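What follows is a single structure, written as structure tokens, with notes after it.
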Amino acid sequence: MDARGKIGQGNTADIYAWGEDRILKVFRHPILLEIEWNIGRLIGALPVTAPQIYGIVEAQGKRGIVYERVRGRTMMTELAERPDQAELFGRELARLHSEMHGHPGTGLPPLKEALTQAMRRASDILPAHKADAVVSYLSGLPDGAQICHGDFHPDNVLLGPEGPITIDWMTAVSGPPAADAARTLLLLRHAESPEALSEPVKLSFTALRTRSLHAYEETYLQLSGLTPSELARWELPLMAARLGENNPQKEREKLLKLVDERLEEAGKL
């Protein structure tokens with residue numbers, strides 16, 4: 001394993017070729033490897049489309065998880081190259097998500113617990129009294145026990161030769177589908193575009209994402225039977241939890257302002 005074998009990278013890990021039909025995912029923080037390994041084994045036993053997980057190996061002093069190598073490109077890459085198909089991709093994303101939510105999340109950690117932990121990690125930007133207020137609000141929301149990906153968006157769907165495969169299941173939890181769908185809407189609405197993009201490209205990217213968002217939301221609501229208000233009630237805890245992630249400062253400031261607004265609307269401030 002060396003730099004020549006590196007085929008990709010994400011926010012938390014680097015991806016290396018491992019033979020012809022497998023990849024090695026090497027995390028920058030060892031604790032994340034253990035978390036993903038434990039979740040990955042659970043996901044492997046559930047009826048979802050996910051790369052097969054083989055085991056943990058060590059190479060050149062680095063430990064990683066060996067996965068099946070899925071040949072294909074992400075839905076986001078395809079979307080960027082085929083902007084005229086934005087609505088189609090949005091509908092397909094909704095179909096995949098709704099299908100996922102039709103299965104119980106047996107063994108996965110509870111969604112509410114994961115959101116609470118994420119809020120506590122945001123203590124540098126989210127004061128304790130506000131986090132407590134959001135947790136209090138969260139306790140009044142419905143529970144659930146379905147498979148929830150926790151970070152479902154076009155860049156986490158590979159369009160392989162045998163159909164779409166969902167990747168990056170480390171954030172998977174057991175909870176209500178409305179919360180997971182609301183998380184996808186949050187990402188499509190508020191996640192900042194990559195800093196490396198020029199301003200004109202960012203504007204084009206945002207417009208493209210918005211078209212996909214509308215198609216996703218409309219289709220998901222039709223398939224799930226949920227209402228817009230059932231999804232919207234999850235915005236506050238999801239935004240607060242998002243503050244505990246490694247996001248651009250501009251996005252964190254925007255989300256913090258929205259958290260304050262939602263807390264006032266809920267009578268929690």
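The values are calculated or read from the model by the stated rules, or taken from the named source; none is laboratory data. Predicted model only: the values in this text are computed from it and were never measured. So basically every Cβ, Gly included, is an ideal-geometry build from the backbone, and we count neighbours across all protein chains shown. Surface areas here come from the heavy atoms of the whole protein model, side chains and all, with no ligands, DNA or RNA. Shrake-Rupley method; radii C 1.70, N 1.55, O 1.52, S 1.80 Å.
For the range 162-213, residues that are of a type in the set (S, T, N, Q), at pLDDT below 95 and assigned to a loop (DSSP other than H, G, I, E, B) total 2.
Taken over the range 214-262, the residue count meeting the criterion of being open to solvent by less than 30 Å² (accessible area, probe 1.4 Å), part of a helix (DSSP H, G or I) and under 16 Å from L115 (Cα atoms) is 10. Of the candidates K112, K130, the single residue that is in contact with a helix residue (DSSP H, G or I) (Cβ under 7 Å, 6 or more places away or on another chain) and over 27 Å from L221 (Cβ atoms) is K130. Within the range 227-240, residues that are aromatic (F, W, Y) reach partners that are assigned to a helix (DSSP H, G or I) with beta carbons closer than 8 Å, at six or more positions or on different chains, in the pairs W234/A178; W234/A179; W234/A182; W234/R183.
Close contacts from the range 37-50, counting a first residue that is in contact (Cβ under 8 Å) with a residue 24 or more places away in the chain and a second that is surrounded by fewer than 13 Cβ atoms within 10 Å (Cβ to Cβ) and not in a loop (DSSP other than H, G, I, E, B), with Cβ to Cβ under 9 Å and a gap of 6+ residues or different chains, come to W37/G55; T49/G163.
Within the range 86-107, residues that are without any contact (Cβ under 8 Å) to a residue 60 or more places away in the chain have Cβ atoms under 9 Å from residues that are part of a loop (DSSP other than H, G, I, E, B) in these pairs: E99/V48; E99/T49; G102/P47; H103/L46; H103/P47; H103/V48, counting only partners at least 6 apart in sequence or on another chain. Can you confirm whether the range 234-246 contains a residue that is farther than 23 Å from P176 by Cβ, at pLDDT below 95 and not β-branched (V, I, T)? Yes: one or more hits.
Only one of D155, D124 is of a type outside the set (F, W, Y), modelled with pLDDT under 95 and under 16 Å from the mean Cα position of the chain (by Cα). Can you tell me which? So that I can check it myself, show each step before the final result.
On the way: D124 fails: under 16 Å from the mean Cα position of the chain (by Cα).
It is D155.
Out of all the residues in the range 26-53, which are farther than 21 Å from H97 by Cα and either assigned to a helix (DSSP H, G or I) or open to solvent by 60 Å² or more (accessible area, probe 1.4 Å) (or both)? If the condition is that a residue be farther than 21 Å from H97 by Cα and either assigned to a helix (DSSP H, G or I) or open to solvent by 60 Å² or more (accessible area, probe 1.4 Å) (or both), then R28, H29, P30, I31, L32, L33, E34, I35, W37, N38 are the ones that fit. All conditions but one from (1) under 16 Å from I165 (Cα atoms); (2) surrounded by fewer than 18 Cβ atoms within 10 Å (Cβ to Cβ); (3) within 16 Å of the chain's Cα centre (by Cα); (4) not hydrophobic (A, V, I, L, M, F, W, C) apply to S98; the one that does not is (2).
Only one of the numbered conditions (1) open to solvent by 30 Å² or more (accessible area, probe 1.4 Å); (2) more than 16 Å from the chain's Cα centre (by Cα); (3) of a type in the set (G, A, S) is not met by A114, and that is (2).
When you scan the range 66-74, do you find a residue that is open to solvent by less than 50 Å² (accessible area, probe 1.4 Å), touching a residue at least 12 places away in the same chain (Cβ under 8 Å) and at positive phi, even just one? Scanning the range 66-74, I find at least one residue that is open to solvent by less than 50 Å² (accessible area, probe 1.4 Å), touching a residue at least 12 places away in the same chain (Cβ under 8 Å) and at positive phi, so the answer is yes. You will find that of I56, I15, I23, the residue that is in a strand (DSSP E or B) and open to solvent by 40 Å² or more (accessible area, probe 1.4 Å) is I56 and no other.
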